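Asker: Take a look at this one; I'll ask things after.
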Amino acid sequence: MDKEEYKVFYESVYRHSLAHILAKAVIELYGKENVQYAIGPQIADGFYYDFMLPNALSTEDFKTIEDKMREIIKRREDWTCEELSREAALELFASQKFKTELIQDMPEDERITIYRTGDDFVDLCRGPHVSNSQELMNAAFQIRAVSGSYWRGDEHREQLQRIYVYAFTDRQGLKDHLAFIKEALERDHKKIGPALDLFMFHETAPGMPYWLPHGWKLYRQLTEFWRRIHDTRGYQEISAPVINSKKLWLISGHWAHYQNNMFVFPGSSWTPDGDDVMAAKPMNCPNAMNTYKRAIHSYKELPIRYNEVDVIHRKEKSGQMNGLFRVQEFRQDDDHTFVREDQIADEIAEIMDIADLIYGTFGLTYRAELSTRPDDFMGDIEVWNRAEAALKGILNEKYGEGNYEINEGDGAFYGPKIDLQIKDALGREWQCGTVQLDFQLPHNFGLTYVDSDGSLKEPVVLHRAIFGSFERFIGILIEHYKGNFPFWLAPCQVAIVPIRTSHNEYAKEIYSKLEALGFRVEADYADENMNVKIKYYKTMKDPFIIVVGDQEVENRTVSLTVRGQKQQIHGLALDRFLEICQDLRATHAKELEF
């Protein structure tokens, strides 16, 4: 075990042990006869424990629980582990319904162990734990929140109260994490997005964002950026139906593997198993297969790259939806590339270059992970082995053998994949991009191409996305930039503030010049206080705010405020300001090699 592995192990023992301290504290505060305690696993920044309690907890209870936990730790009680028979364990936890159910569900040959903290608390647990509570004296913890949960995640089972706790081995660790959380909350896209008038949600369409004028401008810029990159690299954009018959999903395999996540509704005569059942597409793949199949293709045409940004729908549980990060309606920067087997390595290398370009533009770094065959895989196992070997070879060449993570069993049902994990300004990782190698769907759809010898061969399909979904990627960008989007991406690039209505004519001239040059510009011509107008545009985080008054009109200049800078630039010639805006755009274009 190296130093980093030991640190992770040591921290996990702390957190696991503190979870028992929390359970003991809750029992002492509310009475053993009133508390049913369920499970208390560790999580990334601490742990949680689920309870059934006689009353609902609130933030006012947090300090009382924390004080009781510290009191228990100061008792310096011994921790002992015991192995019990199934019968003895059931007798010990006879009054605890959740522990009883866990024991009953264990395999007959399962080793059952318990841990005692002092003489009056016992928990069903595999361990390991500290040997004495004094080892937790320096532990730093703080209750984060209480939320509702269902036993075993089943909405039809008992509702519990879940107490979340931050936990670290020392105070500095907790202090650093609380600072991180504070910064993360300030970047929360669910707050910044509506504040900047980017998007909203409504109860009549859960998990389906409304894109507001500013947000849609940003969305369009991101889409145009994506199109410019792909149009110069031989990609052909298509669009296909959003709703398809069940027949299509049966061929693709989605009906068997993904039906529970699809919005399904009747055709002309509804029967649950009828052929006229329809479904909103959760994936673009089958329609891309149909597009390829419309014509006979030669080996000389390959690779054929069909990309699209159609709306897709995926049904989610209400508790899983999270702002733009997890929605039920979104647009994916999808591509399906049809290649010969000998073209796989070169094509994936080109895809990785595009990922480098796109992520690099936003200052995002990424790492690659290989996800292999899942349990519910479709197709021949030898084909899977060949596909996985191909992806391993590509990653070995790019990163070196062993320098990437392998997620066993996490591939798509039709093929293995490379997932791209990007890192944002706070160091958080997000799975956005993916490259999936698929030998199955071309076979299911009977896709072929004419090879050099005149024989028919099946193409291989690369399913590929870089953003993942525009919605999620925009949510990440909002938090990455804290709403301070770079000039080229900002919904409004320049805001114009005339001091008085007598300056509106000059302000409108500036507006027209900027608009003619293709810039996104707004102006407030109302007879209102100048400072009120400026404050609004600062709140909207516009990169440039220009103010025009008597001197500016007379000298054909502007007074410029640059976002993030306190000092205003006075007497800037209008022509020079226009050059600055064009240089910013030209520099970005040069960097992108347009």
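Asker: Mind telling me which of the residues Lys508, Lys417, Lys423, Lys457 ends up being out of contact with any helix residue (DSSP H, G or I) (no Cβ under 9 Å at 6 or more places or on another chain), of a type in the set (Lys, Arg) and more than 22 Å from Gly363 (Cβ to Cβ)?
Answerer: Details: Lys417 fails: out of contact with any helix residue (DSSP H, G or I) (no Cβ under 9 Å at 6 or more places or on another chain); Lys423 fails: more than 22 Å from Gly363 (Cβ to Cβ); Lys457 fails: out of contact with any helix residue (DSSP H, G or I) (no Cβ under 9 Å at 6 or more places or on another chain).
Residue meeting the stated conditions: Lys508.
Asker: Still on this structure, please answer the following. Of all residues being of a type in the set (Phe, Trp, Tyr) and outside the structural domain of Ile39 (by TED's automatic domain parsing) in region 161-210, which is nearest to Asn34 (Cα to Cα)? Just the residue, please.
Answerer: Phe201
Asker: Oh, and also: Among the residues of region 456-465, what is the count of those that are of a type in the set (Lys, Arg) and surrounded by fewer than 23 Cβ atoms within 10 Å (Cβ to Cβ)? First the steps, then the outcome.
Answerer: Step one: of region 456-465, the residues of a type in the set (Lys, Arg) are 457, 464.
Among the residues that remain, those that are also surrounded by fewer than 23 Cβ atoms within 10 Å (Cβ to Cβ) are: 457.
Matching residues across region 456-465 total 1.
Asker: For the condition assigned to a helix (DSSP H, G or I) and modelled with pLDDT under 95, what is the one hit in Leu584, Leu514? Please lay out each step first, then the result.
Answerer: On the way: Leu514 fails: modelled with pLDDT under 95.
None of the other options fit; the residue is Leu584.
Asker: Among the numbered conditions (1) within 25 Å of Phe180 (Cβ to Cβ); (2) buried (at least 16 other Cβ atoms within 10 Å of the Cβ), tell me where Lys63 comes up short.
Answerer: (2)
Asker: Can I ask one more? So which residues in region 437-453 are out of contact with any Pro (no Cβ under 7 Å at 6 or more places or on another chain) and part of a strand (DSSP E or B)?
Answerer: We begin by selecting, within region 437-453, every residue out of contact with any Pro (no Cβ under 7 Å at 6 or more places or on another chain); these are 438-441, 443-446, 448, 450-453.
Across region 437-453, the qualifying residues are Asp438, Val450.
Asker: Further question: Do any helices (runs of 4 or more DSSP H) lying entirely in region 189-267 carry at least 1 residues that are closer than 30 Å to Asp424 by Cα and under 26 Å from the mean Cα position of the chain (by Cα), and which ones are they?
Answerer: Values: elements: 189-195, 213-231, 246-252, 254-257.
Those helices (runs of 4 or more DSSP H) span 189-195, 213-231.
Asker: Examine region 57-73 for a residue that is among the β-branched types (Val, Ile, Thr), touching a His at 6+ places or on another chain (Cβ under 7 Å) and part of a helix (DSSP H, G or I), and state whether such a residue exists. Outline the logic, then answer.
Answerer: First, pick out the residues of region 57-73 that are among the β-branched types (Val, Ile, Thr): 59, 64-65, 72-73.
Imposing the further condition that a residue be touching a His at 6+ places or on another chain (Cβ under 7 Å) reduces the set to none.
Within region 57-73, none of the residues are among the β-branched types (Val, Ile, Thr), touching a His at 6+ places or on another chain (Cβ under 7 Å) and part of a helix (DSSP H, G or I).
Asker: Quick one: which of Gly468, Gly433, Gly475 is on the phi > 0 side of the Ramachandran plot, surrounded by 15 or more Cβ atoms within 10 Å (Cβ to Cβ), in contact (Cβ under 8 Å) with a residue 40 or more places away in the chain and within 17 Å of the chain's Cα centre (by Cα)? If you could, list the steps in order and put the result at the bottom.
Answerer: Values: Gly433 fails: on the phi > 0 side of the Ramachandran plot; Gly475 fails: on the phi > 0 side of the Ramachandran plot.
Within the list Gly468, Gly433, Gly475, the selection yields Gly468.
Asker: Within the bounds of region 237-251, is there any residue that is modelled with pLDDT under 95, buried (at least 19 other Cβ atoms within 10 Å of the Cβ) and among the polar types (S, T, N, Q)?
Answerer: no
Asker: Now for a separate question. Quick one: which strands (runs of 3 or more DSSP E) lie wholly within region 522-575 and hold at least 2 residues that are aliphatic (A, V, I, L, M) and either touching a residue at least 40 places away in the same chain (Cβ under 8 Å) or crowded, with 16+ Cβ neighbours inside 10 Å (or both)? Write out each step before concluding.
Answerer: Working: elements: 544-548, 557-562, 569-573.
Correct list: 544-548, 557-562.
Asker: I've got another one for you. Pull up region 319-330, narrow it to residues that are under 12 Å from Gly468 (Cα atoms) and not in a loop (DSSP other than H, G, I, E, B), then point me to the one that is modelled with the lowest pLDDT.
Answerer: Arg326
Asker: Sticking with this structure for a sec: Give the residue that is farthest from the chain's Cα centre (by Cα), with candidates limited to residues of region 148-166 that are loosely packed, with under 13 Cβ neighbours inside 10 Å and not in a loop (DSSP other than H, G, I, E, B).
Answerer: Only one residue fits best here, namely Gln159.
Asker: Please go through region 465-482 and give me each residue that is within 11 Å of Asp188 (Cα to Cα) and in a helix (DSSP H, G or I), ordered by number.
Answerer: Taking region 465-482 and keeping what is within 11 Å of Asp188 (Cα to Cα), we get 475-482.
Once the filter is applied, which keeps residues that are within 11 Å of Asp188 (Cα to Cα) and in a helix (DSSP H, G or I), region 465-482 yields Gly475, Ile476, Leu477, Ile478, Glu479, His480, Tyr481.
Asker: Scanning for something under 19 Å from the mean Cα position of the chain (by Cα) and under 30 Å from Pro543 (Cβ atoms), does region 171-182 turn up at least one residue? Don't jump to the end; show me each part of the working.
Answerer: Of region 171-182, the ones under 19 Å from the mean Cα position of the chain (by Cα) are 180-181.
Still in the list and also under 30 Å from Pro543 (Cβ atoms): 180-181.
The answer is yes; a qualifying residue exists.
Asker: Continuing with this model, one more query. Take the residues in region 489-518 that are touching a residue at least 40 places away in the same chain (Cβ under 8 Å) and among the β-branched types (Val, Ile, Thr), then tell me which one is nearest to Asn555 (Cα to Cα).
Answerer: Ile510
Asker: I'd like to check something: does region 256-273 contain any residue that is of a type in the set (D, E, K, R) and surrounded by 15 or more Cβ atoms within 10 Å (Cβ to Cβ)? Show your work before the answer.
Answerer: Taking region 256-273 and keeping what is of a type in the set (D, E, K, R), we get 273.
Applying the additional criterion that residues be surrounded by 15 or more Cβ atoms within 10 Å (Cβ to Cβ) yields none.
For region 256-273, residues of a type in the set (D, E, K, R) and surrounded by 15 or more Cβ atoms within 10 Å (Cβ to Cβ): absent.
The values are calculated or read from the model by the stated rules, or taken from the named source; none is laboratory data. Quantities reported herein were computed from a predicted structural model and do not represent experimental measurements. No Cβ is skipped: glycine too gets one built from the backbone with ideal geometry, and neighbour counts run over all protein chains shown.
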